[in-house]
Structures are given as C-alpha cells and as structure tokens.
Amino acid sequence: MKRFDYEIIDSTNEEAKRKIIAGETGDFLLIAKEQTAGKGRKGRNFYSPKNTGLYMSFVHVGYEALENSVSVTTATSVIVRNAIKHAFSIECDIKWVNDLYFKGKKICGILCECVLPDSNRKETGIIVGIGINICTKDFPKELTEKAGALVENEDFEYIEKLISYISKELENYFVNPSEYRYIEEYRLHSCCIGKNVEISDATGVINKGIVKGFTDEGHLILEDYEGKEHILSSGEISLMVL
Ligand code: BTN
C-alpha cells in the first residue's frame with residue numbers, strides 16, 4: 001500500500017485531507033513520528049510528542065455510500081485492540097465509542113473524518129486517524145490522571161508490526177464494510193457493559209443509567225433509572241463509581 005512517512009507534521013488527518021483534495025486515490029497510509037497539531041474528537045488536541053507514539057491515518061477513497069462506513073469507528077477500535085495484542089501481547093479494554101484503555105488509562109484514540117465529493121472529485125475520502133501512546137511520558141498536567149502508555153521504552157519493530165496489522169485489517173474492512181464482523185468482539189472487550197454511566201450529548205444533555213449492551217451497529221443501549229431504554233449513537237461517556 002502507498003505510504004507517506006513524516007518526521008514531523010501538523011496532523012496526519014489534515015495532511016490526508018490535503019492529499020484527497022489534491023487527487024490522491026485508492027487506499028494509502030500516512031505515518032508521523034511527531035504531530036504539532038494532533039487532533040482529537042470534539043475539537044480537542046491529541047498530545048503527539050516525538051518518537052513516543054504511533055500517529056497514523058489510513059485513507060480510503062472510494063464510492064461507498066457513507067452509511068456503510070459509519071461502523072468504521074467501532075470496527076477500528078476492535079482492529080487496533082487486536083493489533084496491540086498481536087504486537088505487544090497486551091489486552092486493552094474498549095470504552096465506547098472508540099477509546100482503548102490499559103491499566104485504567106487511555107492509551108489510544110481514534111478520529112474518523114470524511115471528505116465529501118465535489119465538482120472535481122466524485123469519490124468520498126474516509127480518513128481513519130489513530131493515535132497510540134506507545135511509551136509516551138510527561139503528559140500535560142490535564143492529562144496525567146487519564147492518559148497512559150503501553151510500554152516503558154519505544155521499539156520500532158513493534159510499531160511496524162502495529163502498522164502492518166492495522167493497515168491490512170482496514171484494507172479488508174473496506175473491501176466490504178457491511179460484511180466485516182467485529183461487534184461480538186467489541187461487546188466482549190467493552191469495559192462499559194453492566195456499569196453505571198453518565199453520558200452527555202453534544203447539546204450538554206446528560207443521560208444516566210446502566211449500559212445494557214450495544215446494538216449490531218455499535219449504538220449504546222442505556223437503561224435509565226426508571227427502566228426505560230435509550231439507544232445512543234454518540235456522546236461522552238463517564239463511568240460512575242458507586
Ligand atoms: C481522540 O482521542 O479524541 C482521537 C485522537 C486521534 C488522534 C490521531 S493521531 C493520528 C491522527 N491525526 C490526528 O491529528 N489525529 C489522529
């Protein structure tokens with residue numbers, strides 16, 4: 001697969017967008033050793049210091065209808081979890097929607113973005129941005145409680161193993177997204193099922209209750225304290241210690 005490597009870049013997702021707009025097609029990969037403006041979900045930053053993490057974007061430019069690709073976020077969390085297990089023999093938990101946790105701390109975030117067709121381009125570009133803290137230390141103060149890393153010291157052999165596992169599996173996924181099986185594994189490794197949670201949506205509304213499970217599409221099934229079921233497709237989840 002075509003691959004672009006960078007010593008330093010603002011954000012591999014942003015560079016992916018520039019490449020799609022410039023006419024790059026097919027599947028390709030962008031990998032950076034450092035990002036100066038790593039992007040997280042909900043407009044947040046993703047801390048991306050030099051040579052301590054894997055900062056990659058897998059890009060698929062194709063004609064798929066967008067609804068087929070909604071599952072890409074959920075499927076990617078399973079793929080990255082399996083890649084980490086394969087490369088490091090480490091088992092991570094999946095926290096809805098798509099964060100990976102190890103020893104109670106977030107070690108991976110996933111940001112999927114999309115470039116819609118325009119008058120010059122008929123195809124849709126789907127960008128799967130993945131940030132893994134391999135041996136990241138010295139997090140900014142606001143992250144020290146929440147963020148962690150997989151191992152003590154960096155090892156490039158492991159990083160290449162991760163890249164090749166993830167890119168092969170995402171390539172498989174995009175061959176036929178609706179046929180790709182991942183939800184059973186997602187459920188199995190979720191750290192949310194059966195837990196009391198608070199979920200806030202984009203408008204700030206907070207839902208409280210117990211996570212009953214996930215639909216086949218990866219939506220969260222929440223039972224509130226009156227016993228009513230809610231199906232949530234996105235939101236910010238916090239597990240409550242009761
Ligand atoms: C999150 O945790 O909110 C998502 C973080 C996604 C970070 C990755 S690092 C590679 C790619 N480029 C970016 O700017 N962001 C994603």
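The values are calculated or read from the model by the stated rules, or taken from the named source; none is laboratory data. Values in this document were obtained by computation on a predicted structure and should not be read as measured data. So basically every Cβ, Gly included, is an ideal-geometry build from the backbone, and we count neighbours across all protein chains shown. Remember, those area values only see protein heavy atoms, side chains included, never the ligands or the DNA or RNA. Shrake-Rupley method; radii C 1.70, N 1.55, O 1.52, S 1.80 Å.
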Candidates Glu34, Glu64, Glu14 - the one that is modelled with pLDDT under 95 and in contact with a strand residue (DSSP E or B) (Cβ under 8 Å, 6 or more places away or on another chain): Glu64
Enumerate the strands (runs of 3 or more DSSP E) found wholly within region 123-241, keeping only those where 1 or more residues are open to solvent by 40 Å² or more (accessible area, probe 1.4 Å). 196-200, 206-214, 220-223, 229-232, 236-239
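Looking for something free of Cβ contacts under 8 Å to residues at least 60 places away in the same chain and of a type in the set (Gly, Ala, Ser) - is there at least one such residue anywhere in region 173-193? Spell out the reasoning first.
Step one: filter region 173-193 for residues free of Cβ contacts under 8 Å to residues at least 60 places away in the same chain, giving 175-176, 179, 181, 184, 187-188, 193.
Pick out the ones that are also of a type in the set (Gly, Ala, Ser) and you get none.
No, every residue in region 173-193 fails to be free of Cβ contacts under 8 Å to residues at least 60 places away in the same chain and of a type in the set (Gly, Ala, Ser).
Residue-wise test of (1) basic (Lys, Arg); (2) within 10 Å of the ligand (Cβ to nearest atom); (3) free of Cβ contacts under 8 Å to residues at least 12 places away in the same chain.
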site	(1), (2), (3)
Lys50	yes, no, no
Val78	no, no, no
Arg81	yes, no, no
Lys85	yes, no, yes
Leu100	no, yes, no
Cys108	no, yes, no
Arg121	yes, no, no
Restricting to region 123-133, name every residue that is in contact with a Ser or Thr (Cβ under 9 Å, 6 or more places away or on another chain) and either within 13 Å of the ligand (Cβ to nearest atom) or aromatic (Phe, Trp, Tyr) (or both). Ile127, Val128, Gly129, Ile130, Gly131, Asn133
Contact list, first residue from region 198-224 and free of Cβ contacts under 8 Å to residues at least 40 places away in the same chain, second anywhere and part of a loop (DSSP other than H, G, I, E, B) and acidic (Asp, Glu), beta-carbon distance below 8 Å, six or more apart or interchain, is Asn207/Asp201; Asn207/Asp224; Lys208/Asp224; Gly209/Asp224
Are there strands (runs of 3 or more DSSP E) fully within region 1-96 with at least 1 residues that are open to solvent by less than 10 Å² (accessible area, probe 1.4 Å)? List them. 26-32, 53-62, 93-95
